[in-house]
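The structure under discussion appears below in the form of C-alpha cells.
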Amino acid sequence: MDDIVVEADTAALRSAGLKVTRGRLAALRLLQRMPHSDAETLHRHAVTDEPTLSVQSMHNVLTDLTRAGLLRRIEPERSPAPYERRVGDNHHHVVCRSCGAVADVDCVVGHAPCLTPSDVGGFAIDTAEVVFWGLCANCR
Ligand SMILES: [Zn+2]
Ligand SMILES: [Zn+2]
C-alpha cells in the first residue's frame, strides 16, 4: 500500500472531523481507483485486505464519508447508488441504460450551476445535477 496516499487520506478524514478507521481508509483508497462504485462492489474488493469488514459496515462507512463531504453519492434512478471522491465541482454523469456504467461529464454550459431554471421560487441556486442516459461504447 502507498504510504503517501494513506497519509493524505488520513489527513482528509481528520480534517473532516472523522476518526481514522481501516474501513474508511479502504473505502477512500478503492474509490480513488474505481470511481462510481457501489457499496457491494467496494465491499467485495475491501474484504481481501479487511476480512472482518461487513457489507453493512461498508454502507455505514460510505454514509459517514458522504455526510462529511468526502464522498458524493450519485443517485441515478437505479440501485445500488454509486459513490465517488470527486466532490464540490458540479459535474454531471452519463449512465448506460444497458450495463449501468457511469462516467463523468463536466459542466454542461460554463460554470456551476451551469443550467438556469426559469422559475426558482426565491431559491439561490448553486448546483445543478444532470443525469444523461444512453448506451456506452461496449453496449452500442
Ligand atoms: Zn453499457
Ligand atoms: Zn462523477
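The values are calculated or read from the model by the stated rules, or taken from the named source; none is laboratory data. Computed from a predicted structure; not experimentally measured. Note that each Cβ is placed from the backbone with ideal geometry, even for glycine, and that neighbours are counted across all protein chains shown. These accessible areas exclude ligands, DNA and RNA; they are computed on the full protein's heavy atoms, side chains included. Shrake-Rupley method; radii C 1.70, N 1.55, O 1.52, S 1.80 Å.
Results, tabulated for the structure shown:
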item	result
Within segment 68-97, considering residues that are among the charged types (D, E, K, R) and more than 21 Å from ALA112 (Cα to Cα), the one nearest to ligand 1 (Cβ to nearest atom)	ARG97
Residues satisfying the stated conditions in segment 60-73, i.e. more than 16 Å from ligand 2 (Cβ to nearest atom) and surrounded by fewer than 21 Cβ atoms within 10 Å (Cβ to Cβ)	ASN60, THR63, ASP64, ARG67, ALA68
Residue in segment 100-115 that is touching a strand residue (DSSP E or B) at 6+ places or on another chain (Cβ under 7 Å), within 30 Å of GLU7 (Cα to Cα) and more than 16 Å from ligand 1 (Cβ to nearest atom) present	no
Conditions (1) in contact (Cβ under 8 Å) with a residue 12 or more places away in the chain; (2) of a type in the set (Gly, Ala, Ser); (3) more than 29 Å from PRO80 (Cβ to Cβ): number failed by ALA101	(3)
Inter-residue pairs, beta-carbon under 7 Å, first within 23 Å of ASP104 (Cα to Cα) and in segment 17-34, second polar (S, T, N, Q), 6+ apart	LEU30/SER37; LEU31/SER37
Residue tally, condition within 15 Å of ligand 2 (Cβ to nearest atom) and open to solvent by less than 80 Å² (accessible area, probe 1.4 Å), over segment 120-131	4
Matching residues, segment 74-106, being more than 20 Å from LEU42 (Cβ to Cβ) and within 12 Å of ligand 2 (Cβ to nearest atom)	GLY88, ASP89, ASN90, HIS91, HIS92, VAL94, VAL105, ASP106
Any hit, segment 57-66, residues being in contact with a strand residue (DSSP E or B) (Cβ under 6 Å, 6 or more places away or on another chain), polar (S, T, N, Q) and under 27 Å from ARG14 (Cα atoms)	yes
Some residue of segment 105-121 being under 19 Å from ASP38 (Cα atoms) and in a loop (DSSP other than H, G, I, E, B)	no
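Yes or no, residue by residue, for (1) buried (at least 16 other Cβ atoms within 10 Å of the Cβ); (2) assigned by TED's automatic domain parsing to the domain that holds CYS136; (3) in a loop (DSSP other than H, G, I, E, B):
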position	(1), (2), (3)
THR10	no, no, no
GLY17	no, no, yes
VAL20	no, no, yes
ALA26	yes, no, no
GLN32	no, no, no
THR48	no, no, yes
PRO51	no, no, yes
MET58	yes, no, no
CYS99	no, yes, yes
